[in-house]
Amino acid sequence: MSFSSWLFLATAAWSAVCVAGKRLEGSTTLSAGQALVVTKFCFDSNADCADNVCDSPELKPGKLQLTLHSAKRISKPIGDEDEEDTSPEGLASMAKKGLAEFHVALLDDEYFSFPEVSQVWGEANCSDVIKAAKRSFPLQWDQISTDGGQEVETAVVEHLRPRWWYVAIVSCSKTGVDLSYRMHLQNTLRGWEAEFSMDQRYIFEVSFGLCIMFGGLVFVQAESLRRWRQITRRGHHWYEVHPALLLAMACTLFALAGELCIFVNYMRFEQGGESSQLWSIVGRASMVVAQNCMSTLLMILAHGDCVCSVHIRWAQHREMVGGMVLYAVLQLPLELWGDSEFRTTTTEYIYDTRPGMVLIAFNLLWTWMYVSRSWQTYKNETRIKAKLFYKRYGLVFLLWFCYTPLIALLARSLAAHVRHSITTLLSGSVHVLMLSILVYTFRPSIADELYDLKESEVEDVHHDEELESILNNTDDL
């Protein structure tokens with residue numbers, strides 16, 4: 001994956017994440033004879049609607065409202081054909097013949113609908129797309145060219161299972177066109193979760209639970225810092241404790257901040273169907289920082305720092321830290337792209353994409369480095385106390401480095417409409433579990449058996465010895 005590809009992902013995710021909600025508003029350009037998928041949405045199903053027909057409007061599981069407006073022609077007719085008759089009489093004649101210039105087409109995930117036509121999307125003409133659609137609506141130019149526009153409202157009915165539906169604007173015109181749209185998609189049977197696509201079920205509750213747990217870990221680690229400051233007896237500032245303790249505190253703070261931002265974003269989405277660019281970007285960025293801070297700390301422990309010696313040899317870890325920064329820089333655009341509306345035609349798990357596979361390869365590299373460094377440190381160390389950490393927690397923390405490849409492997413066997421909720425729950429649970437164990441091991445009563453963290457106390461003794469030596473030499477003079 002080239003740098004330009006990563007840059008494109010970052011730019012696309014940044015510009016599109018503001019419309020990640022399902023109350024969409026934007027504009028697009030259609031070339032002559034082109035069809036464009038504007039968005040996808042996983043609509044609910046209702047077994048009581050036999051043969052996709054519901055007895056009453058209240059039983060219809062999905063609802064789509066779309067308004068197209070402010071359309072403007074941007075090119076002359078293509079080819080050598082005569083120019084189109086765009087007069088009201090000419091357009092009315094086309095409409096009577098079923099040759100309306102523009103359509104809204106609804107395609108679903110059944111093979112003979114969107115999956116089949118998507119394989120030849122670039123070569124398909126407007127009639128091919130309309131034929132593959134489960135439902136299509138002709139648009140009138142004299143309406144979509146006005147500011148008020150033309151509104152399309154329809155129920156989306158499915159009785160077997162939740163399905164992905166793709167909303168496409170189809171041009172049968174010989175001229176290109178600029179147009180704007182407003183759209184609202186809902187799962188009307190889901191109550192307060194009506195704004196959420198079915199692949200996001202329970203995501204609000206999961207995010208809220210993770211906020212509570214990360215908040216508890218922040219409190220526990222803050223209490224540990226307070227006790228460590230009392231033990232070292234050096235100054236009154238929280239930042240004067242061992243750097244490993246501060247790094248663990250950063251892991252909890254960034255995790256809490258990130259999950260809070262994500263929760264606020266979901267809360268705004270639940271209330272109106274629109275997500276926030278700011279909350280989404282800050283939330284994802286904070287979570288990426290939290291994850292990579294934890295990976296850095298565990299790699300430091302694998303090298304023996306804070307376990308076999310009191311100091312962190314930052315100079316020797318320069319390449320490892322640089323690799324973690326590079327990983328984070330590559331991970332964030334992929335995460336943002338996964339949330340964005342640029343994924344209008346795919347339900348593929350983000351770590352099954354080419355950029356995702358690059359990050360999986362990075363994860364496997366970190367896994368190998370953690371295992372090899374931990375084993376080498378364990379073999380070289382002769383003290384029982386120093387070996388204790390690797391015996392008790394070495395294999396436990398291995399899960400942190402390999403859980404992403406494992407979840408990506410599991411995602412291949414999950415249906416697209418449940419994958420996002422399950423993978424989010426699993427990854428969040430692993431994050432909480434690993435961070436909880438790390439915070440637990442840094443409690444003063446536990447850390448005395450595993451780590452060597454009393455750096456300030458050692459430095460004070462060394463400083464006192466130097467001062468006493470200088471005073472003795474002065475007395476001799």
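Some observations on this one:
- When E319, E335, E348 are checked against the criterion of being of a type in the set (D, E) and not in a helix (DSSP H, G or I), E348 stands alone in meeting it.
- With respect to (1) free of Cβ contacts under 8 Å to residues at least 24 places away in the same chain; (2) part of a loop (DSSP other than H, G, I, E, B); (3) among the aliphatic types (A, V, I, L, M), the lone exception for V307 is condition (1).
- Among the residues listed as S173, S197, the single one being of a type in the set (G, A, S) and under 26 Å from A100 (Cβ atoms): S173
- First in region 111-135 and under 22 Å from K63 (Cβ atoms), second anywhere and in a helix (DSSP H, G or I) and at pLDDT 90 or above, Cβ under 6 Å, 6 or more apart: S113/A132
- Considered as a group, the residues in region 189-206 that are buried (at least 18 other Cβ atoms within 10 Å of the Cβ) and closer than 25 Å to G149 by Cβ include one that is modelled with the lowest pLDDT, and that residue is E195.
- Where a residue in region 396-412 is in the same structural domain as L364 (by TED's automatic domain parsing) and within 18 Å of I422 (Cα to Cα) and its partner, wherever it lies, is of a type in the set (D, E, K, R) and part of a helix (DSSP H, G or I), with Cβ under 8 Å and at least six apart: A408/D352; A411/D352; A411/R419; R412/D352
- Boolean, R161 is surrounded by fewer than 16 Cβ atoms within 10 Å (Cβ to Cβ) and under 20 Å from C54 (Cβ atoms): yes
- Which numbered condition T344 misses (of (1) at pLDDT below 90; (2) surrounded by fewer than 20 Cβ atoms within 10 Å (Cβ to Cβ); (3) out of contact with any Ser or Thr (no Cβ under 6 Å at 6 or more places or on another chain)): (3)
- First in region 340-364 and at negative phi and in contact (Cβ under 8 Å) with a residue 60 or more places away in the chain, second anywhere and in a loop (DSSP other than H, G, I, E, B) and aliphatic (A, V, I, L, M), Cβ under 8 Å, 6 or more apart: S340/A20; E341/A20; R354/M1; P355/M1; V358/M1
- Every condition in (1) on the phi < 0 side of the Ramachandran plot; (2) assigned to a helix (DSSP H, G or I); (3) not acidic (D, E) holds for G191 except the one numbered (1).
The values are calculated or read from the model by the stated rules, or taken from the named source; none is laboratory data. Quick caveat, the model's predicted, so the values are computed rather than measured. Please note: Cβ atoms are built from the backbone with ideal geometry, for glycine as well, and neighbour counts cover all protein chains shown.
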